[in-house]
Amino acid sequence: MSDEEIDLQTMSDDEIYELMKEDLYDGYAEEIAEEVQVMLARGHEPYAILTNGLVAGMDIVGADFRDGILFVPEVLMAAKAMKAGMAILRPLLAETGAERIGTMVVGTVKGDIHDIGKNLVGMMMEGAGFEVIDLGVNNSVEKFLAAIEKHKPDILGMSALLTTTMPYMRVVIEALKEAGIRQDIIVLVGGAPLNQAFAEEIGADAYCRDAAVGVETAKKFMYIRRQKAKA
Ligand code: B1M
């Protein structure tokens, strides 16, 4: 929607959400940023804007990418637009008055450069009171182990978006066992191709369908951990 003059103020909330999906699809970062600001000014919750505008737009991108309608350059533009929106929402989602309730090291596994979902999980975890150490993308076992050694986190979060990279999570978990530290850390995994059965099979503690479930699951496991420590 770049060349027509659009007056966002005259549009309804639903129309703006529709426009956000289109603009995300077209990779219009500036427009996305403006639309996010307008929705915030109208009192929408950051998480609602993220879900109804940005993630919903990326779902359409994903389907058309799968069907060969969109290609990598277009998807990269869409990812850039998504990040422009997330940059505005980040401080709001990460805003917390809560005391620190735990620490998480999070990263995308080796061979995989998808980071939007992982970044979202990090933001929401910060918002819930966790200290988050984000290792970025393409992380080897050695990088995960070094970060765990250094930061002594309560939780390790791993993300994978490809069916070819998700088996690497098992490699990391096996390395934790070999190092004798598996029982000391909560392992949460997520990413579009995963499911609960896969998480169980590789020996993770839980699969998190989305960032909100990630936060709830992390809190639940932290509660159990604290109860055990008291006993
Ligand atoms: Co990629 N890609 N991609 N891609 N890409 C997918 C994943 C794909 C499903 C698209 C498709 O075919 N429909 C497909 C994978 C197919 C498969 O393996 N079965 C695919 C492919 C094939 C590829 C390439 C191989 C394409 C190529 O080069 N030919 C290539 C691989 C590069 C590599 O990693 N080595 C590639 C590249 C790219 C881009 C670089 C262009 C770009 C990534 C940009 C970036 O991340 N900076 C990209 C994108 C954007 C996508 C899609 C369209 C969108 C992913 C996304 O950001 N979703 C994706 C299609 C799809 O997923 N439907 C696709 C939005 C995000 C909010 O959701 O990441 O699922 P998601 O995260 C969620 C949950 O999964 C969960 O919470 C998040 C928030 O709610 N979650 C966690 C995720 N991680 C978690 C960790 C946790 C907890 C929860 O830890 C505690």
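Rounded to whole Å, give me the distance from the Cα center of the range 33-107 to that of the range 109-137. Rounded to whole Å, the Cα centres lie 13 Å apart. Here the accessible area is traced with a 1.4 Å probe on the protein chains. For the chain, carbon and sulfur cover 55 percent of it. For a test of the definition: using alpha carbon positions, the gyration tensor, and the 1.5 limit on a/c, classify the range 98-231 as rounded, prolate or oblate. It is rounded, given that a/c, with a ≥ b ≥ c, falls under 1.5.
Ordering Arg209, Arg100, Arg170 by accessible surface, largest first, gives Arg209, Arg100, Arg170; the 1.4 Å probe counts only protein heavy atoms, with every chain in place. Amide hydrogen proximity for Ile133: with H placed 1.01 Å from N in the peptide plane, the residues at 5 or more positions away or on another chain lying under 5 Å are Met104, Val105, Val106. Rolling a 1.4 Å probe over the protein heavy atoms leaves Lys220 with an accessible area of roughly 110 Å².
Simple rule: put +1 on each Lys or Arg Cβ and -1 on each Asp or Glu Cβ in the range 59-100, find the dipole, and look at Gly62, Met82, Ala94; the Cα lying farthest toward the positive end is Ala94.
Per residue, how much accessible surface does the chain expose to a 1.4 Å probe? Answer in Å², no decimals.
That works out to 51 Å² per residue.
The values are calculated or read from the model by the stated rules, or taken from the named source; none is laboratory data. In this text the structure is predicted, and so the values were computed from the model without any measurement. Every residue, glycine as well, gets a Cβ built from its backbone with ideal geometry; the counts of neighbours run over all protein chains shown. To get the accessible areas, we keep the full protein, side chains included, count just its heavy atoms, and leave off ligands, DNA and RNA. Shrake-Rupley method; radii C 1.70, N 1.55, O 1.52, S 1.80 Å.
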